[in-house]
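Please read the structure below before turning to the comments.
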Amino acid sequence: MTHVTKPPTITADELIEEFDFLDDPTDRLKYVIELGREIPALDDKYKIEQFRVQGCQSQVWVVPQINEEDPTRLQFAADSDAQIVKGMISMLVMLLSNKTAKEILVYDIKGLFEKLGLQQALTPSRSNGFYSMVRRIHDLAQATLEQ
Amino acid sequence: MLKPSSESTLNTEQIRADFPILQQQVHGKPLVYLDNGASTQRPIQVIQAISDVYEQCYSNVHRGGHLLSSRSTDAYEASREAIRAFIQAKSTNEIIFTPGTTFGINLVARSWGDACLKAGDEILVTEMEHHSNLIPWQQLAQRTGAVIKAIPITDEGQLDLSALPGLLTEKTKIVAMTAVSNVLGTINPVAKIVKQAHAVGAVVLVDAAQSVPHEATNVQTWDADFVAFSAHKMLGPSGLGILYGKESLLDAMPPFLGGGSMINTVTIDSFTPAMLPAKFEAGTPPIAQAIALKAAIDYLTDVGMENILQHEQNLTQHAHQRLTEIEGLRILGPAPELKAGLVSFDIKGMNPRDIAGILDTQGVAVREGHHCAIPLHQRLGISSSTRASFYLYNTLEEVDQFIEALKKATMLLG
């Protein structure tokens, strides 16, 4: 576990509103990239195999963090060497940070991303390995339940 | 060297009208398809040719004494003859239908390689090879104890021919080289290298996947021993390729795949192989695809390979020129006069995956990644690149759209 700065959070409603407003695909991608810039960069010492998400063509790292204020609520830090992918993982981190493990495991990511028109990102064949990132966060959440 | 830029004689408007898939929009923008190095689109003539086979003459080839069978066999062999003429091979016995370039190279590596190589022999490849013309030789080396050597590239992205005399020794048994690099676009001096290779007793296999579709091919001028290329990169159907081999070599080689069609006599525990080309065409071939390849060859011949080459040369020059407008962009490969119709590049601090992703939202299809050439990228000091590759249906306007989209991408990512 690591001690890193808390990332900002975002709600599903905020995302839906933003995507409704931006109907041009390039503008949506721009928004995703900007989200990626809102979470702090990961220190190089965390960009190691232990935190790398397998199954992504780009490099993606997800690091579980200790929430000192409330240990039942999980926090994650993440980074990627591709900005669009960083944006996608940032969305996940911002949506799921500060939630309990159980809340994370029942959160309907798929449903939300379909509403946002990002369901293309959810098919396994999509090379950004989005499923792998969601799976990793789920695994991390599951691991805290089993402790 | 290619001719300096001159007026294109292609009527791209008329050509584009033949390609149904090009009429569509992507993410609300007109499709600008610049991924021809990966695969090409098909004209209605080829699409129709496939349907025509299934609607009119389809039957298994070289078997059966009924009318449909002889119709399909005739069409299949007519296609083989069309390919022979297209690359100026001496005989249809030298034209083998394969599932693709990769298969053709594997065929040679197994059938010729296993029979002819021993421990200590050398296989000479180049630093710019596609994995399909690299891995089969690595596997062959592992099986036989042969050693892989590579012709290096210069910083300008051409083969360092000064290194060749030192690399070509009496131990060299085969040179496996690409005619055109799928990343750098470099056009290699095949005939020259073949001559030097033959002088030391080595045979030469040419990966012509990026070459045959884009310029006139003459295997006699090259004098290469084996040439492999793919139908889908030349407006032809999927799942099909051609291996050309000199008849004397193919005759001497043992068969590759065993099964129906490639036999002469069979007992319960032995067989003798069929004559060429059947010897290397085991099982039922991709019949409709092989027949329809003739439609692709007819289309290309009608347009004219010289015209296609000049057209792509114009597009590449224009692309090179406009790409200089983008800060931090490095074009990989030599000057336009020395290369084929594609341009790969690297932009400082930007991931090709992001570049391609943003271009996609603008309707522009390019390719990003290592393009199945990891050793080449290692030599270039990068892990991946972005590539735009052109064909006869692309236009100068499309190159401009690509540049505008690229500028937008660099703004978003900067």
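For this structure, a couple of remarks:
- If you check B:Thr272, B:Thr186, B:Thr217 for being surrounded by fewer than 16 Cβ atoms within 10 Å (Cβ to Cβ) and at negative phi, only one passes: B:Thr272.
- Total residues in region A:57-71 satisfying the condition of being at pLDDT below 90 and away from every other protein chain (no Cβ under 14 Å): the figure is 7.
Every residue, every condition in (1) within 14 Å of another protein chain (Cβ to nearest Cβ); (2) part of a loop (DSSP other than H, G, I, E, B); (3) at pLDDT below 95, yes or no:
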site	(1), (2), (3)
B:Ile326	no, yes, no
B:Ile331	no, no, no
B:Gly349	yes, yes, yes
B:Asp354	yes, no, yes
B:Arg379	no, no, no
B:Arg387	no, no, no
B:Glu398	no, no, no
B:Glu404	yes, no, no
B:Thr410	yes, no, no
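- For region B:145-154, the condition of being surrounded by 19 or more Cβ atoms within 10 Å (Cβ to Cβ), assigned to a loop (DSSP other than H, G, I, E, B) and not β-branched (Val, Ile, Thr) holds for at least one residue.
- In region A:37-56, the residues that are more than 14 Å from chain B (Cβ to nearest Cβ) and either surrounded by 13 or more Cβ atoms within 10 Å (Cβ to Cβ) or small (Gly, Ala, Ser) (or both): A:Glu38, A:Ile39, A:Pro40, A:Leu42, A:Tyr46, A:Lys47, A:Phe51, A:Arg52, A:Val53, A:Gly55
- Screening B:Val364 on (1) in contact (Cβ under 8 Å) with a residue 60 or more places away in the chain; (2) away from chain A (no Cβ under 14 Å); (3) over 23 Å from A:Cys56 (Cβ atoms); (4) under 25 Å from the mean Cα position of the chain (by Cα) shows it passes everything except condition (2).
- Any hit, region B:343-361, residues being of a type in the set (Asp, Glu) and either closer than 21 Å to B:Gln313 by Cβ or buried (at least 24 other Cβ atoms within 10 Å of the Cβ) (or both): yes
- Within this structure, A:Glu34 fails the test of being at negative phi, more than 13 Å from every other protein chain (Cβ to nearest Cβ) and not in a strand (DSSP E or B).
- Some residue of region B:297-317 being at pLDDT 95 or above, within 13 Å of B:Thr386 (Cβ to Cβ) and either polar (S, T, N, Q) or buried (at least 22 other Cβ atoms within 10 Å of the Cβ) (or both): no
- Entirely in region B:217-318, the helices (runs of 4 or more DSSP H) that have 1 or more residues that are free of Cβ contacts under 8 Å to residues at least 12 places away in the same chain and over 28 Å from B:Trp112 (Cα atoms): B:287-303
- Residue satisfying all of: in region A:72-84; of a type outside the set (A, V, I, L, M, F, W, C) and within 14 Å of chain B (Cβ to nearest Cβ); surrounded by the fewest Cβ atoms within 10 Å (Cβ to Cβ) among these: A:Asp81
- The lone exception for B:Ile83 - which of (1) buried (at least 19 other Cβ atoms within 10 Å of the Cβ); (2) over 24 Å from the mean Cα position of the chain (by Cα) it fails: (2)
- Per the listing A:Thr100, A:Thr9, the residue uniquely more than 14 Å from chain B (Cβ to nearest Cβ), surrounded by fewer than 21 Cβ atoms within 10 Å (Cβ to Cβ) and at pLDDT below 90 is A:Thr9.
- Of the numbered criteria (1) in contact with a Leu (Cβ under 6 Å, 6 or more places away or on another chain); (2) more than 14 Å from chain B (Cβ to nearest Cβ); (3) assigned to a helix (DSSP H, G or I), the one A:Gly87 fails is (2).
The values are calculated or read from the model by the stated rules, or taken from the named source; none is laboratory data. Bear in mind the structure is a predicted one, so any value in this text is a computation, not a measurement. Positions of Cβ are backbone-derived with ideal geometry, glycine not excepted, and every protein chain shown enters the neighbour counts.
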